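Before any comments, here is the structure.
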Amino acid sequence: MLQFDSIEQAASLPARPLHLAIGMFDGVHLGHHAVIEAAVHSARRSHGLAAVLTFWPHPSRLFRPENPVRLIMTPDLKIRQLGRLGVDAVITQNFDAGYAAIEAEEFLPQLKRALPTLTTLYVGENWKFGRGRRGDIAVLLAEGRKHGISVVSAPRINQNGEPISSTRIRTYLEEGRMEEVNALLGYSYFAEGVVTPGKQLGRKLGFPTLNVGWEPDLRPRFGVYAVQISGANGIGPLAAVANYGLRPTVENSTVPRLEIHVLGPCPFTEGDALSIEWLSFLRPEKKFDGVEALRTQIALDRDAALAWFARR
């Protein structure tokens, strides 16, 4: 899969009919799949190329830097998820003041000049673009007719009567509703990081843990989760229980930490790169009356995770 850091760079794409899906695509959820897979299928039928145009940073960082949208995934993880949908190229356009000032009516002509083989655009039906977000499907259709570009708008996909959206997923993440998060994503929410040295407290309590370096933009709810972990060496997935939070009983840190106890023999050690799939929220984080109370609760958490996996 080809990657480009701007629309201008993407001018070097092979000269084949270009089917371009456009959007922020944070989380690459099932609603996004409808847009992107339409581009991929059409490109395959026409022996063309399927590409995605996305943006960084999120527009909210420009328009309200004091309270930007917290993102579900990093740009690198988003590109990887897009690649799994079969796209041939991903273009990540810098969203700065100059780009935001492009008039809606000029957006498509500029795109066509930079990408002359562009034949079809694919967007969600509610996508907005251009200065002041004046551009909508009607503007795209009008400009498309002028420049010989087809426009395909995908309707929003509902789940339980509500549209699937990145905003909805963010809310569920902050509430710890992992089953619902994963249902909307179409895959398990995951974290990636490297095992780092810890204080060995878990080992002293009889429950050794892996401390994983991970700093998400959007923090899931603090608490205990049933998870699966896999190593970059192909080991896994292995059932595990994870704690994500500030460890108020023993540390009360200001920076949340992700600690994982494998529910069986643990083949991983310091320096290993891990991927952690978050499957179910077991309980919120709380402060206990000392280490012994914490030890008792950890045993209960382990039993709860084992019971959850037994029910799958």
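The values are calculated or read from the model by the stated rules, or taken from the named source; none is laboratory data. Bear in mind that the values here come from a model prediction, so they are computed numbers and not experimental data. In this analysis, Cβ positions are derived from the backbone assuming ideal geometry, glycine residues included, and neighbour counts consider all displayed protein chains.
Would you check if there is a residue in segment 57-73 being of a type in the set (Val, Ile, Thr), surrounded by fewer than 19 Cβ atoms within 10 Å (Cβ to Cβ) and at pLDDT 95 or above?
Yes, segment 57-73 has at least one match.
So is Leu246 under 18 Å from Val212 (Cα atoms), modelled with pLDDT of 95 or more and within 24 Å of the chain's Cα centre (by Cα) or not?
The answer is no for Leu246.
Test of understanding: among Leu85, Leu49, which residue is closer than 25 Å to Trp278 by Cβ and modelled with pLDDT of 95 or more?
Answer to the check: Leu85.
Would you mention how many residues in segment 43-71 are farther than 17 Å from Pro14 by Cα and either in contact with a Phe, Trp or Tyr (Cβ under 9 Å, 6 or more places away or on another chain) or not assigned by TED's automatic domain parsing to the domain that holds Gly83 (or both)?
So the count comes out to 8.
Tell me which helices (runs of 4 or more DSSP H) are completely within segment 63-117 and hold 3 or more residues being touching a Lys or Arg at 6+ places or on another chain (Cβ under 9 Å) and not aromatic (Phe, Trp, Tyr), or say none if there are none.
Correct list: 104-114.
Within segment 115-127, track down each residue that is surrounded by fewer than 15 Cβ atoms within 10 Å (Cβ to Cβ) and not polar (S, T, N, Q).
The answer is Pro116, Glu125.
Between a residue in segment 132-146 that is among the β-branched types (Val, Ile, Thr) and any residue that is part of a helix (DSSP H, G or I), which pairs come within a Cβ distance under 9 Å, given they are 6 or more apart or on different chains?
Taking only residues 6 or more apart or on different chains, the pairs are Val139/Ala104; Val139/Glu105; Val139/Phe107; Val139/Leu108.
Within segment 169-202, take every residue that is basic (Lys, Arg) and more than 13 Å from the chain's Cα centre (by Cα) and give me the one that is surrounded by the fewest Cβ atoms within 10 Å (Cβ to Cβ).
Only one residue fits best here, namely Lys199.
Can you run down the residue pairs with Cβ atoms below 6 Å, 6 or more apart or on separate chains, where the first is in segment 289-309 and within 14 Å of Phe207 (Cα to Cα) and the partner is outside any helix (DSSP H, G or I) and of a type in the set (Val, Ile, Thr)?
Filtered contacts from segment 289-309: Leu294/Thr249; Asp301/Val224; Asp301/Val241; Arg302/Val241; Ala305/Val241.
So that you can scan it fast, the table gives a plain yes or no per residue for (1) more than 17 Å from the chain's Cα centre (by Cα); (2) farther than 16 Å from His32 by Cα:
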position	(1), (2)
Ser46	yes, yes
Pro57	no, yes
Ile72	no, no
Ile79	no, no
Leu85	no, no
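List every residue pair whose Cβ atoms lie under 6 Å apart, where the two residues are 6 or more positions apart in sequence or sit on different chains, the first residue falls within segment 104-122 and is under 17 Å from Val152 (Cα atoms) and among the polar types (S, T, N, Q), and the second residue, located anywhere, is at pLDDT below 95 and in a helix (DSSP H, G or I).
Qualifying pairs under 6 Å: none.
Could we say that Gln228 is touching a Pro at 6+ places or on another chain (Cβ under 7 Å) and either over 19 Å from Gly176 (Cβ atoms) or without any contact (Cβ under 8 Å) to a residue 60 or more places away in the chain (or both) here?
yes
Which of the residues belonging to segment 1-32 are part of a helix (DSSP H, G or I) and buried (at least 19 other Cβ atoms within 10 Å of the Cβ)?
Selection gives Ala10, Gly31, His32.
Would you list the helices (runs of 4 or more DSSP H) that sit entirely within segment 146-231 and hold 1 or more residues that are in contact with a Lys or Arg (Cβ under 8 Å, 6 or more places away or on another chain)?
166-175, 178-185
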